[in-house]
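The values are calculated or read from the model by the stated rules, or taken from the named source; none is laboratory data. Keep in mind that this is a model prediction, so the values were computed, not measured. We place every Cβ from the backbone using ideal geometry, glycine too, and count neighbours over all the protein chains shown.
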Amino acid sequence: MTTVYPISSALPPSPSAAAASSDPTTDTSANNQLNENTFLTLLVAQLKYQDPMNPADSTQFLTQTAQFTEVETLQQMETAQAATQSANQLLAASAMVGRPVTYSLAASGASATPTPTSTISVRGSLPSDAADGVTEVTTTNVFTSQGAEVPLELDFTKTSSGWTVQTLSNGSKLGSPEAITFDSSGHASNDLTIPASALDGAVGTAGDWPATGITLGFGSADDATRLQLASGPSTVGVAEQDGNDGQTATGIVTGVHITSDGPQLSIGGQLIPFASITDVSE
């Protein structure tokens, strides 16, 4: 399971950028937006340059004053709504930390090219006191280089010498069972690889897998959530896989990055805009 990082803000602007933003001659938002200062300037100019023989009608003056007040109120409401929306987005993004999400590649600005699965992250625990022959099953979907989605099943079986894992797809075994080794603390001490030659056994996918196959990643030595032996029921499961069909991708949110354009989520080492999230899983 990937490390969860705290919420962070965008880096401070460079001195030149800060100077530019404070310079009214370069502040395009100030120059191009009608505001209360604009109306006051126009009102004062109208009063200053009115014809003394034909002064402005008092009713017209009151109407303009009311219009100015209305515009100012609408601007205040717009500012308040923008602040509320920003706060709501930040709260929603924070609630996603540690959870699997699906996001649109197009909306996030990522490449729309399919990415074959090269790593499946497996986390949780296997019963340390399980009887020989006990099997624990977890499933996931992986992707070929063509973007085809393929169901994969991982069968963990307790044997007299420990635990093994057998990969299957649609009921067909892909390769042979592989033994999982555990260190003295009961944590998985090695990752395993499903070779491309074994994955080719999935119907219609021959030649469409990474040359190095797919790695079953059980967690690094400094990952407190890496696969382990523990008493009690099994909690083994697939946390995430790194392939996609070229349209959407999935991953676990590990942090939130605050920017002027809204929050961005840290997923698989990338910053993904909050607006591109399409689904959140438990």
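Brief remarks follow.
- Number of positions in region 71-95 that are hydroxyl-bearing (Ser, Thr, Tyr) and either within 21 Å of Ala45 (Cβ to Cβ) or surrounded by 12 or more Cβ atoms within 10 Å (Cβ to Cβ) (or both): 2
- In region 131-160, the residues that are of a type outside the set (Phe, Trp, Tyr) and under 18 Å from Ser176 (Cβ atoms): Gly133, Thr135, Val137, Leu152, Glu153, Leu154, Asp155, Thr157, Lys158, Thr159, Ser160
- When we screen Phe68, Phe143 for residues that are more than 30 Å from Gly262 (Cα to Cα), surrounded by 10 or more Cβ atoms within 10 Å (Cβ to Cβ) and over 23 Å from the mean Cα position of the chain (by Cα), the only hit is Phe68.
- Across region 147-190, the number of residues qualifying as within 30 Å of the chain's Cα centre (by Cα), buried (at least 17 other Cβ atoms within 10 Å of the Cβ) and charged (D, E, K, R) comes to 1.
- When region 99-135 is limited to residues that are of a type in the set (A, V, I, L, M, F, W, C) and part of a loop (DSSP other than H, G, I, E, B), the one that is nearest to Ala196 (Cα to Cα) turns out to be Ala112.
- Taking the listed residues Gln264, Gln270, Gln247, the one that is touching a helix residue (DSSP H, G or I) at 6+ places or on another chain (Cβ under 7 Å) and over 17 Å from Ser145 (Cβ atoms) is Gln264, with no other qualifying.
- Any hit, region 201-215, residues being within 26 Å of Ala130 (Cβ to Cβ) and at pLDDT below 95: no
- Residues within region 229-282 that are outside any strand (DSSP E or B) and either touching a residue at least 24 places away in the same chain (Cβ under 8 Å) or among the hydrophobic types (A, V, I, L, M, F, W, C) (or both), tallied: 18
- One residue stands out in region 214-228 among those that are in contact (Cβ under 8 Å) with a residue 40 or more places away in the chain and in a loop (DSSP other than H, G, I, E, B): the one that is surrounded by the most Cβ atoms within 10 Å (Cβ to Cβ), namely Leu227.
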